[in-house]
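Notes to accompany the following structure.
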Amino acid sequence: MTTLPRSAVMLNTPTRRAIPFEDKGGLAAVVSEITSEIRELYTADQVPWVVGYSGGKDSTAVLQLVWIALQGLPSEQRTKPVYVISTDTLVENPVVAAWVTGSLDTMRQAAEGQGLPIQPNRLIPDVKDTFWVGLIGKGYPAPRPKFRWCTERLKIRPSNSFIRRVVHDHGEAILVLGIRKAESQARARVMERHEKRRVRDRLSPNGNLPNSLVYSPIEDWSNDEVWTFLMQQANPWGHANKDLLTMYQGASSDGECPLVVDSSTPSCGDSRFGCWTCTLVDKDKSMSAMIQNDEEKEWMLPLLELRDELDVADDSHLRDWRKMNGSIQLFYDRNVPGPYTQKAREDWLSKLLNAQTWIREHAPESVRNIELITMDELHEIRRIWVFEKHEVEDSLPRIYKQETGEDFPGGPLDQHLAVATDEVELLREVCGDDELHFLTMRELLAVERKFRTMTRRSGLFEALEKTIKKGYYADKEDAVDMALRNQHNKTAPMLPGLDEVSADASA
Ligand code: SF4
């Protein structure tokens, strides 16, 4: 008997796509069963609910089920609050961000009108944690799999601190999430592990947040089932699900960025609902698709270009060869670059403000007020540059004026500066080509200025010593040589000291 090659067998075998909800008794039966379960769980205790809502399909489906279930309860039983939380990283795809904000507004009005205890909340990161404060202010390089500094700051912290507040006020919280086993094998494994530790029927413990439990009503649904439900069941707060489908159409990947409560969640940048700045994906396919499919979205092109610029394979020319604290890090005897240099950070800010100005001038009326970076972030970046990095040139107001044509709101910092802005140029001239010397002198002056006004100057010498150590090299080669020697000394076997040798000799 001849055996057919495997590919031939696969090609000739007709594949049948599973009909949504077929093996679960049909859509109506599933919705009825889940909404009864939701009502049962909701009325079982006084623990408030927190529904994670990203505006994507899965979380919309879950919120829709919760909404329908609550509508079916008599008003005297709809007592405990249901907080809907949505994190806005401030670098969301602007089309998606506008969609979610619009949906939260509609939701708020609809919940009030229908007498439901549903309270929508838009959560944003602390100003010290935002993407631009990290990248332009502190100089963190664009996120990479090995240095994914963003998710924790932009998504996990805002949602976790909200949930912690609820737990603090009420003793416990139940998180209602749109997570599904069909998302990925890793997701299925984590969910199954938690399932085994369920304390109450359908509620899994949340490893990261004490006193909070997770309820995932659509955990067994497939992608098609989620869409079938959304297309066949009208959205109860009146935001068109068809528009949601339109947003999804045309993109290659249809993953959704879920409510991220822990770092085991896969990169949400791989989805339609990630940040437009995300460099953990090869390309922002969803934004490219939006621009390609709709001439009206061409105004997003500068964002795509800026994202691609952030995503350069070798960015070592943009980065300091020292770490943030001035030390040298080696990997296989090669220098690992540190944060973006002052010049690179200033350039990123120029490019970002330039993109914002261009969009404000060319985009449709509805996005004319777009804010790619907030005033609070700009003030924080200015503070970090001047007072933490000692960049007394105070260049942010100049860049702002140059790119927007407007004066930067906020007074001059002259009285707080170690060296007046024009004197910095003089210092640069004196130091000539020796950039490291200039940086060290500038920082030494700033440290001295900081301590000058203090009544007790304890800590001054340590601070000066730290600054001198940071600039204690002739250049990069010298620094790497020194780090290699230090590394070698640490690993070399200990030789006996002179005293020990002479003691042995005399014995
Ligand atoms: S989408 Fe990308 S940039 Fe945004 S938080 Fe997730 S990993 Fe970071």
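Only the coordinates and a few stated rules stand behind these numbers; no lab work does. Bear in mind the structure is a predicted one, so any value in this text is a computation, not a measurement. Counting neighbours? That spans all protein chains shown, and the Cβs are built from the backbone with ideal geometry, glycine included.
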How long is the gain from Arg108 to Gln233 if the chain were fully straight, where each residue apart is worth 0.36 nm and the alpha carbon distance is subtracted?
43.0 nm
Output the pairs from Lys181/Lys297; Lys80/Lys181; Lys57/Lys297 with a Cα-Cα distance over 26 Å in this structure; if there are none, say none.
Lys181/Lys297; Lys80/Lys181
Size of charge dipole - the chain - debye, nearest 20, with Cβ of Lys, Arg +1 and Asp, Glu -1, no other charges
1540
Return the FRET efficiency for the residue pair Met454, Ser327: r is the Cβ-Cβ distance, R0 is 30 Å, and the value is rounded to the nearest 0.05.
0.65
Which of the lysines could be linked to Lys476 by a straight reach, that is with a Cα gap under 27 Å, when you skip same-chain ones fewer than 8 residues away?
Lys138, Lys146, Lys323, Lys343, Lys389, Lys466, Lys490
If packing is taken as the mean number of other Cβ atoms within 10 Å per residue, what is the order of 219-228, 125-134, highest first?
125-134, 219-228
Just to be sure I understand: of the beta bridges DSSP finds with both ends in the chain, what percent are antiparallel, rounded to 5?
35
Per-residue [θ]222 nm for the chain (sum of -39500 (n - 2.57) over DSSP H runs n ≥ 4, rounded to 500)
-14000 deg cm²/dmol
Extension gain Asp224-Thr374, at 0.36 nm per residue separation less the Cα-Cα distance, in nm?
50.1 nm
Scattering profile of the chain from the Debye formula, Cα beads only, expressed as log10 I(q)/I(0) at q = 0.07, 0.09, 0.10 Å⁻¹, is -0.53, -0.80, -0.92
At 4 °C and 1.567 mPa s, the Stokes-Einstein diffusion coefficient in µm²/s for segment 317-489, with hydrodynamic radius from the Kirkwood sum on alpha carbon pairs, is 70
Quick one: if you stick a label point 7 Å off each Cα along the C-beta vector at Asp434 and Glu298, how many nm between them?
5.4
At R0 = 35 Å, how high is the FRET efficiency between Ser316 and Arg189 if r is their beta carbon distance? Nearest 0.05 is fine.
0.40
Taking the Cα centre of the chain as the origin and placing charges on Cβ (Lys, Arg +1; Asp, Glu -1), which of Ala182, Met441, Trp276 is farthest toward the positive end of the dipole?
Ala182
Round to the nearest 0.05 the FRET efficiency obtained for Asn489 and Ile468 when R0 = 25 Å and r is the Cβ-Cβ distance.
0.75
Placing +1 on the Cβ of each Lys and Arg and -1 on the Cβ of each Asp and Glu in segment 317-489, which of His362, Val392, Met324 has its Cα farthest towards the positive end of the resulting dipole?
Met324
Give me the one-decimal nm value for the distance between modelled label points at Glu40 and Glu361, 7 Å along each residue's Cα-to-Cβ direction.
6.3
